[in-house]
Amino acid sequence: MGNNRTQKVWILFLLSFLALVCSSRGGDMVVYWGQDEREGSLRETCNSGLYKIVNIAFLSAFGSGRKPEVNLAGHCDPASDGCKSLSKEIKGCQKRGIKVMLSIGGGNPGYSLSSPGDARRVADYIWNSFLGGKSAGSRPLGDAVLDGVDFDIEVGGGEGFYGALARRLFEHGKAGSRKVYLTAAPQCPFPDEHLKGALSTGLFDYVWVQFYNNEECEFESSNPGKFQRSWNTWVSSVKVSKIYVGVPASASPSTAGSGFVAPQILKTQVLPFVRNSSKHIYGGVMLWDRAADKQTGYSRNIKDSV
Ligand SMILES: *[C@@H]1O[C@H](CO)[C@@H](O)[C@H](O)[C@H]1NC(C)=O
């Protein structure tokens, strides 16, 4: 009886160990959360166990004298302090070892930078309102200290000043007790016109390249070379520790205009190529967005091959 039980415990232990070892190829999954209330809560997103980094999208208004504004679609209303309750969920994610980033920018106009001084003011605002600083006013997401800032700059205006923004955020992190992670989501045509200044600072940790909405560099089975050349250019040109493949999590045109890669194709034709990159620079897969992923199960499908 006792022996039998010991045996069972050992077998279970071995199986869990094997499951752990085989469960992924060393890459992580990153997801954007915040632009579609049907995606469910941030807590549920983190508790799914699928993602290592969650980008809260977006700080959609800032710079050039604007009042900074967070937009989280129907999740909560920052104007009436309605998003402060996210603090508990953010801390819950971080307890699970998940990094939570504030993504700034997005696809809609409403942000820009007008000078190096403006960039520093925006950086100070972000530091004081979402990171380790102290805000005189209220913190839109409450007292949780986010892990860093994701640059999803897709709208023109002051491209030359995003380097100053990155540098100031980096310096705040360096002077404080906790590193401020810097990440970016450039479009795949190299160089990204909106982000090349920021990326040339060499201060970014991770870059997830959007291989969608850009036919010249997104993956197509009939012409894998255009994606492969673009990936190799990113790998050899940006000074970051990890580069991720960004893909839409659904074929629906409301998720991305083009660039959807079916999970089976991603697993057999894209991931073997990018995992093979030099310098261990492959970081994993970035998915736009949690709403699409929840609906299609894309990340669950590719998980074991990332
Ligand atoms: C991996 O890289 C090696 C050396 O560059 C190359 O010969 C091989 O074909 C690559 N494999 C894949 C799957 O791309």
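Each value in this text was obtained by applying a stated rule to the coordinates, not by laboratory testing. On a predicted model such as this, the values are computed, not experimentally measured, just so you know. Every residue, glycine among them, receives a Cβ derived from its backbone with ideal geometry; neighbour counts consider all protein chains shown.
Compute the whole-percent fraction of alpha carbon pairs in the chain spaced more than 37 Å apart. Spell out each step's value before the answer.
On the way: 7151 of 46665 pairs.
The share of Cα pairs beyond 37 Å in the chain comes to 15 percent.
Express as a percent, rounded to the nearest 5, the fraction of DSSP beta bridges in the chain (both residues included) that run antiparallel. Present the calculation step by step, with values, prior to reporting the outcome.
Details: 2 of 41 bridges.
Counting only bridges with both partners in the chain, antiparallel ones make up about 5 percent.
Using +1 at the C-beta of Lys and Arg and -1 at the C-beta of Asp and Glu, which of Gly74, Ser258, Gly26 has the Cα lying farthest in the positive direction of the dipole of the chain?
Sorting the options by dipole projection puts first Gly26.
Compute the signed sum of charges (Lys and Arg +1, Asp and Glu -1) over the other residues within less than 13 Å, Cβ to Cβ, of Gly27. Display every interim value, and only then the final one.
Numbers: positive: Arg25, Lys52, Lys242, Lys267, Arg275, Lys303; negative: Asp28, Asp304.
Computed value for this residue: +4.
Past the 20 Å Cα-Cα mark, which pairs from Lys67/Lys179; Lys242/Lys294; Lys52/Lys294; Lys52/Lys88; Lys52/Lys91?
Values: Lys67/Lys179 26 Å; Lys242/Lys294 25 Å; Lys52/Lys294 16 Å; Lys52/Lys88 18 Å; Lys52/Lys91 14 Å.
Beyond 20 Å: Lys67/Lys179; Lys242/Lys294.
How much net charge surrounds Gly137 when only the other residues with a Cβ under 11 Å from the Cβ of Gly137 are counted, with Lys and Arg +1 and Asp and Glu -1? Intermediate results must be reported in sequence, preceding the final value.
On the way: positive: Lys67, Lys134, Arg139; negative: Asp81.
Overall, the nearby charge balance is +2.
Listed highest first by mean packing, meaning other Cβ atoms within 10 Å per residue, what order do 158-167, 263-272 come in? Don't skip to the answer; put the middle values down first.
Working: 158-167: 21.5, 263-272: 16.4.
Highest-to-lowest ranking by the protection proxy: 158-167, 263-272.
Round to the nearest 10 and give me the degree value, 0 to 90, for the angle of helix 86-95's Cα axis relative to the longest principal axis of the chain.
Approximately 50 degrees, to the nearest 10.
Using the Cα gyration tensor of segment 122-248, with a ≥ b ≥ c the square roots of its eigenvalues, what is the shape: rounded (a/c below 1.5), prolate (a/b larger than b/c) or oblate (neither)?
Details: a/c = 2.34, a/b = 2.24, b/c = 1.05.
Cα axes put segment 122-248 in the prolate bin.
Under unit Cβ charges (Lys, Arg +1; Asp, Glu -1), what dipole magnitude, rounded to 20 debye, does the chain have relative to its Cα centre? Working shown, then result.
On the way: 35 positive and 28 negative charges, 277 e Å.
Result for the chain is approximately 1340 debye, rounded to the nearest 20.
I want to check the label-to-label distance for Ser138 and Ser221. Put each point 7 Å from Cα in the C-beta direction and report it in nm to one decimal.
5.2 nm
Going by average Cβ neighbours within 10 Å, how do the peptides 47-58, 249-260, 122-133 rank, with the highest at the top? Walk me through the numbers on the way to the answer.
Values: 47-58: 22.2, 249-260: 17.6, 122-133: 20.2.
Highest-to-lowest ranking by the protection proxy: 47-58, 122-133, 249-260.
Which part of segment 235-253 falls in the paramagnetic zone of Ala73, meaning amide N under 15 Å from the point 7 Å along Cα-to-beta-carbon?
Taking a point 7 Å out along Cα→Cβ of Ala73, the residues of segment 235-253 whose backbone N falls under 15 Å are 248-253.
Between Thr201 and Ser115, what's the calculated FRET efficiency when r is the beta-carbon distance and R0 is 22 Å? Round to 0.05.
0.80
Out of residues 5 or more away from Gly82 or on other chains, whose amide H comes under 5 Å of its own, with H placed 1.01 Å from N in the peptide plane?
Asp77
Output the peptides 168-178, 236-246, 86-96 sorted from most to least packed, where packing is the average of other Cβ atoms within 10 Å over each peptide's residues. Numbers along the way, then the final one.
Numbers: 168-178: 15.7, 236-246: 19.0, 86-96: 17.5.
Top to bottom by mean Cβ count within 10 Å: 236-246, 86-96, 168-178.
Under a Cβ-Cβ cut-off of 15 Å, what is the net charge of the residues other than Lys279 that fall near it, where Lys and Arg count +1 and Asp and Glu count -1?
On the way: positive: Lys239, Lys242, Arg275; negative: Asp205.
Once all neighbours under 15 Å are counted, the net charge is +2.
On full extension of the chain, what length is gained from Asn108 through Asn128, given 0.36 nm per residue of separation minus the C-alpha to C-alpha distance?
Values: separation 20, 0.36 × 20 = 7.20 nm, distance 2.44 nm.
So the chain would gain 4.8 nm between Asn108 and Asn128.
Classify segment 232-299 as rounded, prolate or oblate from the Cα gyration tensor: take a ≥ b ≥ c as the square roots of its eigenvalues, call it rounded if a/c is under 1.5, otherwise prolate when a/b beats b/c and oblate if not.
Details: a/c = 2.29, a/b = 1.88, b/c = 1.21.
In terms of gyration-tensor shape, prolate.
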